[in-house]
Structures are given as C-alpha cells and as structure tokens.
Amino acid sequence: QRRVHGDTLISELYGIWDTALIAQNVPKGKGKWAVVPLPEWPDRPGGADMGGSATVVLKGSKNAEAAARFATWMSTDPQAVSILISKGGLWPASTTGLADKALQKPDAFYSNDKPMYSALI
C-alpha cells in the first residue's frame with residue numbers, strides 16, 4: 001500500500017475489483033493508472049489467478065431464504081448489476097450484464113481515453 005500511495009508502484013496484476021479499490025483509496029493517482037489486458041506471447045497466453053468470486057448463503061444463516069433472494073437479486077437485477085460495476089468495480093456474473101452501459105463509460109480516475117472495461121470485453 002505504501003508503494004501505491006508513494007507513486008513507486010508501476011503496475012499490478014489483480015482482479016477487476018481492484019480498480020474500484022485503487023480509485024477509492026488513492027485519489028492522487030487520478031490519471032496515472034490505466035486498465036489494460038494482460039500481456040500475451042505467441043507460445044503462451046497471459047493469465048492471472050487474482051480474480052473470481054462467489055455469493056453464498058451459509059448453512060445455518062438466521063435468514064437464509066431472504067439472503068438467497070437478495071443474492072439472486074444482486075446478481076440479476078439490471079440496476080443492481082450496474083451499481084456493482086460502476087461503484088464496486090465488479091465484473092458482471094451474467095452474460096446479459098456484459099451489455100450494461102456502465103461497462104461502456106470512461107472512468108475519470110483512469111487515464112484511458114475509452115471506456116475502462118473496453119480492454120477486457
């Protein structure tokens with residue numbers, strides 16, 4: 001964290017959710033960061049393991065049925081998905097979420113002159 005705040009970190013390989021964390025926690029980095037695809041080589045595609053997530057309701061939860069309904073709503077409701085993308089830096093879990101307009105908007109924090117997620121779609 002010290003390297004991010006001290007302008008000495010030049011790159012990082014993390015999950016898409018880290019875009020929101022950087023923007024929220026390193027405001028002086030505005031315009032200094034960009035989102036790009038991982039490098040690839042002809043004999044070996046690029047990849048990373050810093051991603052993936054799940055929404056679960058634990059066995060024995062006090063309000064398991066309500067929690068399951070909320071989890072379903074959170075991952076399928078178009079407005080909820082849009083908020084998760086634009087405010088939480090999350091990648092949509094559904095293929096219909098890929099059409100969300102939040103993925104098409106440039107982010108003022110990142111220096112990309114095109115939508116931040118366009119490098120990933």
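The values are calculated or read from the model by the stated rules, or taken from the named source; none is laboratory data. Every value quoted in this text rests on a predicted model; they were computed, and no experiment measured them. Here the Cβ is made from the backbone with ideal geometry for all residues, glycine too, and neighbour counts use every protein chain on show. Ligands, DNA and RNA are stripped out before the accessible areas are found, and what is left, the full protein with its side chains, is counted by its heavy atoms. Shrake-Rupley method; radii C 1.70, N 1.55, O 1.52, S 1.80 Å.
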Notebook entry, point to check: Which pairs have Cβ atoms under 7 Å, sit 6 or more apart or on different chains, and link a residue in the range 101-117 that is open to solvent by 50 Å² or more (accessible area, probe 1.4 Å) to one that is modelled with pLDDT under 80 and part of a helix (DSSP H, G or I)?
Noted result: Pro106/Met116; Asp107/Met116
Next item on the list: Can you run down the residue pairs with Cβ atoms below 8 Å, 6 or more apart or on separate chains, where the first is in the range 20-34 and under 21 Å from Leu90 (Cβ atoms) and the partner is open to solvent by 80 Å² or more (accessible area, probe 1.4 Å) and of a type in the set (Asp, Glu)?
Entry: Gly29/Asp7
Notebook entry, point to check: Being open to solvent by less than 60 Å² (accessible area, probe 1.4 Å), among the aliphatic types (A, V, I, L, M) and at pLDDT 85 or above, is that true of even one residue in the range 54-64?
Noted result: yes
Margin query: Can you report the number of residues in the range 83-96 which are in contact with a Pro (Cβ under 9 Å, 6 or more places away or on another chain) and either among the polar types (S, T, N, Q) or part of a loop (DSSP other than H, G, I, E, B) (or both)?
Written below: 1
Margin query: Exactly one of these conditions fails for Met116: (1) in contact with a Phe, Trp or Tyr (Cβ under 6 Å, 6 or more places away or on another chain); (2) at pLDDT 80 or above. Give me its number.
Written below: (2)
Notebook entry, point to check: Is one or more of the residues making up the range 33-41 open to solvent by 90 Å² or more (accessible area, probe 1.4 Å), outside any helix (DSSP H, G or I), more than 18 Å from Glu12 (Cα to Cα) and not hydroxyl-bearing (Ser, Thr, Tyr)?
Noted result: yes
